[in-house]
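S.K.: Starting off with a structure, shown below.
The values are calculated or read from the model by the stated rules, or taken from the named source; none is laboratory data. Just so we're clear, the structure is a prediction, and the values are computed from it rather than from any experiment. So basically every Cβ, Gly included, is an ideal-geometry build from the backbone, and we count neighbours across all protein chains shown.
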Amino acid sequence: MDVELFLDSWWPIVLGGLTGTIPLALMSFAIGLVIALGVALLRLSTHRALRAAGRVYVSVIRGTPLLVQLFVIFYGLPTLGVTIDPWPSAIVAFSLNVGGYAAEVIRAAILSVPQGQWEAGYVVGMSRQRTLRRIILPQAARVSVPPLSNTFISLVKDTSLASLILVTELFRKAREIADFTSEFLLLYLEAAIIYWIFCTVLSFGQDRIEKKLEQYV
């Protein structure tokens, strides 16, 4: 193994992760959560058409590969006259994907709140919307933290697909160095190690958040 190359390439790849992978994951996850909440509420709506719309969205997102979704947005839409730059394309694709998966997490979390909590809100004169906002969602948020955290960690790894549409992030930086040096095995293993470190740190943060929330159970 070329130890010198390994050490010299370490910081450029890490920097690609800090300036590309992590920001991309954070922005996509934040937008995706907003989409997920909206879709989850559609799935729980009393209106059949709204429930159907939410169900179709989740089915399409979960039933198609993320890579295909990414390519449709970046390479497919220009044929319709809609051209989106690499970064926005990646954010749109990842956000829509997170929205589809996280919507089911949020929906299940809302359904896990006992029916009595809804009734308690109605007893004190709250509307359904206010009961949802003030009583149900705060309790559902605590339940949904572990699976949503796992979704975010998976998203961090999935951002490597953005390298295929010219987004400069961790894996693309490793590919660029590998193409220049022809040390593909070394550089790809190095990228894998850095991804593992990132995800380990995030998993540690997830554990801390879950322990913090346990005191409110």
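S.K.: Spot the failing condition for Gln206; the list is (1) at pLDDT 90 or above; (2) surrounded by 13 or more Cβ atoms within 10 Å (Cβ to Cβ), and only one is missed.
M.R.: All conditions are met except number (1).
S.K.: Here is a list: Thr181, Thr151. Which entry is buried (at least 17 other Cβ atoms within 10 Å of the Cβ) and β-branched (Val, Ile, Thr)?
M.R.: Thr151
S.K.: May I pose another question? Yes or no: the range 188-197 includes at least one residue that is under 30 Å from Ile84 (Cβ atoms) and not aliphatic (A, V, I, L, M).
M.R.: Residues of the range 188-197 that are under 30 Å from Ile84 (Cβ atoms), as a first pass: 188, 191-192, 194-195.
From what is left, the residues that are not aliphatic (A, V, I, L, M) are 188, 195.
Yes: the range 188-197 contains one or more residues that are under 30 Å from Ile84 (Cβ atoms) and not aliphatic (A, V, I, L, M).
S.K.: Where residues in the range 98-126 are among the β-branched types (Val, Ile, Thr) and under 30 Å from Leu67 (Cβ atoms), which of them is modelled with the highest pLDDT?
M.R.: Applying the filter and picking the extreme gives Val98.
S.K.: Within the range 108-127, track down each residue that is within 12 Å of Gln139 (Cβ to Cβ), aliphatic (A, V, I, L, M) and within 33 Å of the chain's Cα centre (by Cα).
M.R.: Matches in the range 108-127: Ala109, Ile110, Leu111, Val113.
S.K.: Would you point out which residue out of Val72, Val105, Val143 is within 27 Å of Ile22 (Cβ to Cβ), surrounded by 13 or more Cβ atoms within 10 Å (Cβ to Cβ) and touching a Pro at 6+ places or on another chain (Cβ under 8 Å)?
M.R.: Val105
S.K.: Do you know which of the residues in the range 43-57 that are within 21 Å of the chain's Cα centre (by Cα) and touching a residue at least 24 places away in the same chain (Cβ under 8 Å) is surrounded by the fewest Cβ atoms within 10 Å (Cβ to Cβ)?
M.R.: Restricting to residues being within 21 Å of the chain's Cα centre (by Cα) and touching a residue at least 24 places away in the same chain (Cβ under 8 Å), the top hit is Tyr57.
S.K.: Have a look at Ser160, Ser182, Ser154 and point out the one that is polar (S, T, N, Q), touching a residue at least 24 places away in the same chain (Cβ under 8 Å) and out of contact with any Pro (no Cβ under 6 Å at 6 or more places or on another chain).
M.R.: Ser160
S.K.: Hey, can you tell me all the residues within the range 184-194 that are small (Gly, Ala, Ser) and crowded, with 18+ Cβ neighbours inside 10 Å? So that I can check it myself, show each step before the final result.
M.R.: Taking the range 184-194 as the starting set, the residues that turn out to be small (Gly, Ala, Ser) are 191-192.
The answer is Ala191, and nothing else.
S.K.: Moving to a separate point now. When you scan the range 58-77, how many residues do you find that are free of Cβ contacts under 8 Å to residues at least 24 places away in the same chain and not hydrophobic (A, V, I, L, M, F, W, C)?
M.R.: Summing the residues that are free of Cβ contacts under 8 Å to residues at least 24 places away in the same chain and not hydrophobic (A, V, I, L, M, F, W, C) in the range 58-77 gives 5.
S.K.: On to the next question. Looking at the range 161-174 only, could you name the residues that are out of contact with any Gly (no Cβ under 6 Å at 6 or more places or on another chain) and either more than 25 Å from Leu26 (Cβ to Cβ) or surrounded by fewer than 19 Cβ atoms within 10 Å (Cβ to Cβ) (or both)?
M.R.: The answer is Leu164, Leu166.
S.K.: Another question about this same structure. Determine, yes or no, whether Pro146 is part of a helix (DSSP H, G or I) and free of Cβ contacts under 8 Å to residues at least 12 places away in the same chain.
M.R.: So Pro146 does not fit the description; no.
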